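Down below is the structure, laid out as structure tokens.
The values are calculated or read from the model by the stated rules, or taken from the named source; none is laboratory data. Everything quoted here is computed from the prediction, not taken from an experiment. Cβ placement follows ideal geometry from the backbone for every residue including glycine, while neighbour counts extend to all protein chains displayed. These accessible areas exclude ligands, DNA and RNA; they are computed on the full protein's heavy atoms, side chains included. Shrake-Rupley method; radii C 1.70, N 1.55, O 1.52, S 1.80 Å.
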Amino acid sequence: MLSNIRVVLVGTSHPGNMGSTARAMKTMGLSTLYLAEPKVEPDGHSIALAAGASDILKHAKTVSSVEEAIADCSLVIATSARSRTLDWPMLEPREAGEKLVGSALNGPVAIVFGRENNGLTNEELQRCDYHVAIPANPEYTSLNLAQAVQIICYEARVAHLAQVESGVEPVPVDENDENLEAFPSSRERENFFEHLENTLLSTNFIVKNHPGQIMTKLRRLFSRTRIERQEMNILRGILTSIDKVVAKNETKDK
């Protein structure tokens, strides 16, 4: 089950961090590593710092974007410092570990780590369901990348061990089950947000040249409520019905 927890490194610029991350993961039983937009490739230095976890580096998947790395994940948590400008649902590391393990019972989930020098962009952060902040010493908050990975992977392992002890078994997901209450994947959520924005533009609720913060606030709203796949499908059906009325009125005006 821990193999469903995907560690995503974004824009990594130091190959040694890749090796140290692999070591941090393997000590906690995680094995799935994605490298999104890496500035460098794993090298001999990476393998040396992996210290026996080079198999994780060998099987790491390199992708061109965060979007590609998390596309099929039903839960995505981003590591981030607490921000006053982007008020997103926040988790403590222990809560993040519990949510990752709980959702990983039924499919892939991801924990996303940003660039060494400037973390994740606001756009990347907004593609995630939650943010997690490590409560480091406020007088010295400097954690290197592998240290941050180690902390979150440790919390995932603690949650996993508690789950094993409780006797919880994975529940197979049947995508054809009409009563399925699974959460949509990241790709499905992005398709929904694109549909929502296009509909709001067509009704002039959003002005194209002056969009403001409406979509950011709506993303935050849906991240906070964590709607299920069926609920999202209902909302898309509503949007489609609005689109039809708008198209019909535009035809009449012509």
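For the chain, report the convex hull volume of the alpha-carbon atoms normalised per residue, in Å³, without decimals.
On the way: hull volume 37.7 nm³, N = 254.
Normalising the Cα hull of the chain by residue number yields 149 Å³.
Write down the accessible area per residue of the chain in Å², having rolled a 1.4 Å probe over the full set of protein chains.
54 Å²
Give me Rg over Rh for region 56-157, both radii from the alpha carbons and Rh done the Kirkwood way, two decimal places.
Reported Rg/Rh, Kirkwood definition of Rh: 0.94.
Round to the nearest 10 and give me the degree value, 0 to 90, for the angle of helix 15-27's Cα axis relative to the longest principal axis of the chain.
Between helix and principal axis, roughly 80 degrees.
Report the semi-axes of the equivalent ellipsoid for region 32-112 in whole Å, largest first, where each axis is √(5λ) for an eigenvalue λ of the Cα gyration tensor.
Working from the Cα gyration tensor, I get semi-axes of 25, 16, 14 Å.
For region 88-246, calculate the relative contact order in percent as a whole number, restricting contacts to Cα pairs under 8 Å that are 6 or more residues apart.
This gives 32 percent for region 88-246.
Considering only protein heavy atoms and a 1.4 Å probe, what is the carbon-and-sulfur percentage of the accessible area of the chain?
Details: 6940 of 13840 Å².
In the chain, the share of accessible area belonging to carbon and sulfur is 50 percent.
Using alpha carbons only, how many degrees (0 to 90, rounded to 10) separate the axis of helix 186-202 from the longest principal axis of the chain?
Helix 186-202 and the main axis of the chain meet at about 30 degrees.
At a 10 angstrom cut-off on C-beta neighbours, averaged per residue, how do the peptides 50-61, 90-101 rank from highest to lowest?
90-101, 50-61
For the Cα atoms of the chain, what angle does the longest principal axis make with the long axis of helix 214-225, in degrees from 0 to 90, nearest 10?
Rounded to the nearest ten degrees, it is 60.
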